[in-house]
Amino acid sequence: MSSIFSSIPEDKWVSSNQLSFAILDIFPASEGHTLIIPKREIETFFELSDEELISIKQLVISRKEEISSNDSTVEGFNIFINNGKVAGQTVFHLHFHLIPRRKGDKAWENYFQNLRRA
């Protein structure tokens, strides 16, 4: 498998560690929408090693803290993945969505509209 994510240069990463990296989503549901991606090319959550899961959790937490400290309007986050085409997966390299939520936003609606564009 050769994933589009694997071709993203490191200078476009917003954060990284030994096993994972984070980028801003090109079709964001809200400002700050981040994708957290294992460096190893795997398709689903069920293929993750324990070490990769820990590295992803570390990036989710650090991005959440960075976003929250820079934007006081953020009151919550959606964190999710899509496993398989029928579940909405469009890039078959596992990635977690971290979507900042603000009161009254349209992030969920934006996500589903953008899913059709991906």
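Nothing in this text is a laboratory measurement; each read-out follows from the coordinates by a stated rule. Predicted model only: the values in this text are computed from it and were never measured. All Cβ positions, glycine included, derive from the backbone under ideal geometry; neighbour counts span all protein chains shown.
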(message) So I have (i) 39, 30, 25; (ii) 73, 60, 22; (iii) 47, 45, 25, and one of them is Cα extents along the principal axes in Å calculated from this model. Which one is it?
(response) (i)
(request) Please give the residues of segment 2-28, grouped as numeric ranges, whose backbone N is less than 20 Å from a label point set 7 Å along the Cα-to-Cβ vector of residue 40. (result) 2-8, 16-23
(message) Can you work out the Karplus-derived ³J(HN,Hα) for every residue in segment 21-33? Use 6.51 cos²θ - 1.76 cosθ + 1.60 with θ = phi - 60°, whole Hz, and x for glycine or proline.
(response) 9, 10, 9, 7, 5, 6, 10, x, 6, 8, 4, x, 3
(message) Could you compute the net charge surrounding residue 102? Neighbours are other residues with a C-beta less than 15 Å from the C-beta of residue 102; K and R count +1, D and E count -1.
(response) -1
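Using 0.36 nm per residue, how much length does the chain from residue 18 to residue 58 gain when fully extended, once their Cα-Cα distance is taken away?
On the way: separation 40, 0.36 × 40 = 14.40 nm, distance 1.09 nm.
Answer, rounded to one decimal: 13.3 nm.
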(request) Multiply the residue separation of residue 6 and residue 78 by 0.36 nm, subtract the distance between their alpha-carbon atoms, and state the gained length in nm to one decimal. (result) 23.5 nm
(request) Return a whole-number percent for the relative contact order of the chain, with Cα pairs under 8 Å and 6 or more residues apart as the contact set. (result) 31 percent
(message) Can you give the local net charge around residue 18? Use residues other than it whose beta-carbon is closer than 12 angstrom to its beta-carbon, Lys and Arg +1, Asp and Glu -1.
(response) 0
(request) Give me the distance in nm between label points sitting 7 Å out from Cα along the Cα-to-Cβ direction at residue 71 and residue 112, one decimal. (result) 2.1 nm
(request) Only Lys, Arg, Asp and Glu count, each charged at its Cβ (+1, +1, -1, -1), so figure out the dipole size of the chain about its Cα centre, rounded to 20 debye. (result) 400 debye
